[in-house]
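The values are calculated or read from the model by the stated rules, or taken from the named source; none is laboratory data. Note that the structure is a prediction, hence the values are computed from the model and not measured. Using ideal geometry, Cβ is built from the backbone for each residue, glycine included, and neighbour counts are taken over all protein chains shown.
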Amino acid sequence: MAAEPSTADILDAALHVREAARSATDGETGVEPVLTALSEVMEYDHASLTRWDPRRRCHITLAGSYPDEATAYIETRLHHDPVFPVLHTPARGGLWLRDVPGQLLAASPGFRDVLAPLGIEDGVAQCLFDTDGRYVGMLNVSTRRPRRTPDPARAVVTLLTEALTAAVAPRAPVAPRACPPGAGRPGGLSPRELQVLGELTTGRTNKEIAQRLYVTPRTVGTHIEHILAKLDLPNRAAAAARAAAWGIEPTR
């Protein structure tokens, strides 16, 4: 088994990350070399750097090695995960998986349905904020074996936040690629699903909603099933609450 890198080795590797991030910021390279350099700071099985698109309200993967399902979750659903509000605080550093309370992990579809099946046991997720407090993107790193304790990589990753933020922050209005289909709509819902979601705020039955939208009650029920699945919600009351929070109203 290879020896664990020393603190000096990790700090030296951190300089490589900063250099790679500087090249990405200057437009000399893409973001991929940043993740490659980061693997010298801490070994990982999967990692990604994403940019937040506030207009489409989705994350755009700039570089990453997660499987397609996990990438899709990070891009379109992670910001609805119960863990995300804990992450989305400018004052905090990264959130390491072993530090997440078990109850919160159990409520997180991102861990339960995406990371756990990959055998992930450790890693870090860190939201990146520009100097003006604007949220610009995210670092996600996952490993299949627990990190050692104490772990010097923890402090180093925090020190790299500014460099990672600069690499991820948009420097031009054109995104590197389009968001996934449906990402421009809240929760990736279809137009008809958004209509049904708005109707749920009124407390109407499936039959009443069907009459208003000129469809069958069975069709309404199917739409509701899809809405609950896409938003990972337990029932129609929770869906109605989400619609109210998003400002989605019934069709007039």
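Close contacts from region 212-233, counting a first residue that is closer than 20 Å to Gly188 by Cβ and touching a residue at least 60 places away in the same chain (Cβ under 8 Å) and a second that is among the basic types (Lys, Arg) and crowded, with 16+ Cβ neighbours inside 10 Å, with Cβ to Cβ under 8 Å and a gap of 6+ residues or different chains, come to Leu231/Arg242; Asp232/Arg77.
The set of residues from region 20-36 being free of Cβ contacts under 8 Å to residues at least 60 places away in the same chain, part of a helix (DSSP H, G or I) and surrounded by fewer than 20 Cβ atoms within 10 Å (Cβ to Cβ) comprises Ser23, Glu32, Pro33, Thr36.
Surrounded by 20 or more Cβ atoms within 10 Å (Cβ to Cβ), of a type in the set (Val, Ile, Thr) and closer than 24 Å to Glu75 by Cβ: is that true of Ile209 in this structure? Taking the combined requirement at face value, the residue does not satisfy it. Quick one: Tyr73 ticks every box in (1) touching a Ser or Thr at 6+ places or on another chain (Cβ under 7 Å); (2) more than 14 Å from Thr143 (Cα to Cα); (3) aromatic (Phe, Trp, Tyr) except a single one, so which number is it? The number of the failed condition is (1). Selection of region 210-226 for residues being among the hydrophobic types (A, V, I, L, M, F, W, C) and either modelled with pLDDT under 90 or in the same structural domain as Pro82 (by TED's automatic domain parsing) (or both) yields Ala210, Leu213, Val215.
Please determine, by comparing only the residues of region 163-206 that are hydroxyl-bearing (Ser, Thr, Tyr) and closer than 21 Å to His79 by Cα, which one is modelled with the highest pLDDT. In this case the residue turns out to be Thr165.
Within region 90-99, at least one residue is touching a residue at least 12 places away in the same chain (Cβ under 8 Å) and of a type in the set (D, E, K, R). Here no helices (runs of 4 or more DSSP H) wholly within region 47-121 include at least 1 residues being modelled with pLDDT of 90 or more and not assigned by TED's automatic domain parsing to the domain that holds Val157. Look at region 130-143: where a residue is free of Cβ contacts under 8 Å to residues at least 40 places away in the same chain and a partner is of a type in the set (Val, Ile, Thr), sitting 6+ places away or on another chain with Cβ atoms under 8 Å, you get Asp130/Val136; Asp130/Thr165.
Can you pull out the residues in region 131-154 that are modelled with pLDDT under 85 and hydrophobic (A, V, I, L, M, F, W, C)? If the condition is that a residue be modelled with pLDDT under 85 and hydrophobic (A, V, I, L, M, F, W, C), then Ala153 is the only one that fits.
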